[in-house]
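Worksheet for the structure shown next.
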Amino acid sequence: MILPSTIFYLSIHSLILWFGVLKMRYVNGQIRSNIALHKPAFQQNTFTIHQYEPDAGRFDASNAVDGLKFNLTALGGQCTISANNKTTAIWWVNLTRFSNVHYITIYYRTDNRKWDSSNGYTSRFLGFSVYVSNTTSLLGGTLCFKDNDFTKSTIPAVLNISCPVYGQYVIYYNERLPGVVYPDGYSEYAFAEICELEVYECGIGYFGYKCTESCGHCLDPAQCSPVEGTCSTGCSAGYFGQLCKTECKSGNYGFKCN
């Protein structure tokens, strides 16, 4: 039997939870939704096995941007799976426009098993890098993250990466090159087994932690740094300073107040 007082408590508790969610949405209101969702994706070497070849999408690069991440197995059709016995593994997503990236979240293949040193897929995740680039090439791209410290016991299956960079392509890269000695625990070959890669950006005109700071009067609002709020192309007429928030002094006007 549920007592009236219990119902009252549950109602109040639910209201508090609902308000908390609403408040969080308000605080994070300037962070856009996952901009990698359903965008074009590419895998360097996609895994295939004869009996599943008719179902080519089972291991496809697009699985990492389909929004599905409840079945983290190879055969679940929600993860991109790269081929075996390769020395490099490359996967990328085309955001289809120059984007103000804020952070990236990666969900790795776990095969729905406990994620610790006994899970064989931890060794395949180790040593990976993430780049943001204006092209599909790593050359000229900005390195957002390179794993040099994780072990099979410490690497998380879901990893958030701060990456305040402008670009159109997010590239996942791993390697196991011949002649290179890798740390203990690393797999023999390189793999890309991503079940979901999400990319979030600050909305135009916002920057800083959780994108809650407003940019100043940038000449090009799209060029406001998502970290410092500086205007890379300068200020609009009538304003100056790194943040373009200071009005020209009395008697001065125009660009750069000169």
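The values are calculated or read from the model by the stated rules, or taken from the named source; none is laboratory data. Computed from a prediction, not measured in an experiment: that's the story for all the values here. For neighbour counting, all protein chains shown are included, and Cβ atoms are generated from backbone atoms with ideal geometry for every residue, glycine included. Each accessible area value is taken on the protein alone, full model and side chains, heavy atoms only, with ligands, DNA and RNA left out. Shrake-Rupley method; radii C 1.70, N 1.55, O 1.52, S 1.80 Å.
Odds and ends about this structure:
- Phi-based couplings in Hz for the stretch 102-117 (Karplus 6.51, -1.76, 1.60; Gly and Pro marked x): 10, 8, 10, 10, 10, 10, 9, 5, 10, 6, 6, 10, 3, 9, 8, 5
- Phi to ³J(HN,Hα) by Karplus 6.51 cos²θ - 1.76 cosθ + 1.60 over the stretch 122-131, Hz, x for Gly, Pro: 4, 5, 7, 7, 4, x, 6, 10, 10, 10
- Given charges at beta-carbon only (K, R positive; D, E negative), |dipole| of the stretch 119-225 in Debye: 100 debye
- Proportion of all alpha-carbon pairs of the stretch 104-258 beyond 25 Å (%): 47 percent
- Partners for LYS256 among aspartates and glutamates (Cα-Cα distance below 12 Å; same-chain residues under 8 apart left out): GLU247
- Working ranking of peptides 148-161, 84-97 by packing, defined as the average number of other Cβ atoms within 10 Å per residue, highest first, is 84-97, 148-161.
- Interchain or long-range residues, amide H under 5 Å from THR142's placed H: VAL132, SER133
- Pairs spanning more than 30 Å between alpha-carbon atoms, out of LYS146/LYS245; LYS86/LYS114; LYS39/LYS86: LYS146/LYS245.
- A simple rule links phi to the HN-Hα coupling: the Karplus curve 6.51 cos²θ - 1.76 cosθ + 1.60 with θ = phi - 60°, which for the stretch 193-205 gives 10, 9, 8, 6, 10, 10, 10, 10, 10, 6, x, 4, x Hz, with x for Gly and Pro.
- Computed on protein heavy atoms with a 1.4 Å probe, the accessible areas place ASP184, ASP111 in the order ASP184, ASP111, largest first.
- Unit charges on C-beta of K, R, D, E only; dipole of the stretch 191-258, Debye: 580 debye
- Using Cβ point charges alone (K and R +1, D and E -1), the dipole size of the stretch 55-197 about the Cα centre works out to roughly 80 debye.
- Computed with the Debye formula from one identical point scatterer per Cα of the stretch 73-171, without solvent, the log10 of I(q)/I(0) at q = 0.14, 0.19, 0.22 Å⁻¹ comes to -0.59, -1.03, -1.26.
- Under 5 Å, built H, 5+ apart or other chain: amide partners of THR88: ARG176, ALA190
- The stretch 148-240: GluC sites (Glu not before Pro) falling in loop per DSSP and having at most 14 other Cβ within 10 Å: GLU188, GLU228
- Highest mean packing first, where packing is the average number of other Cβ atoms within 10 Å per residue, the peptides 242-248, 74-80, 57-63, 114-120 line up as 74-80, 57-63, 242-248, 114-120.
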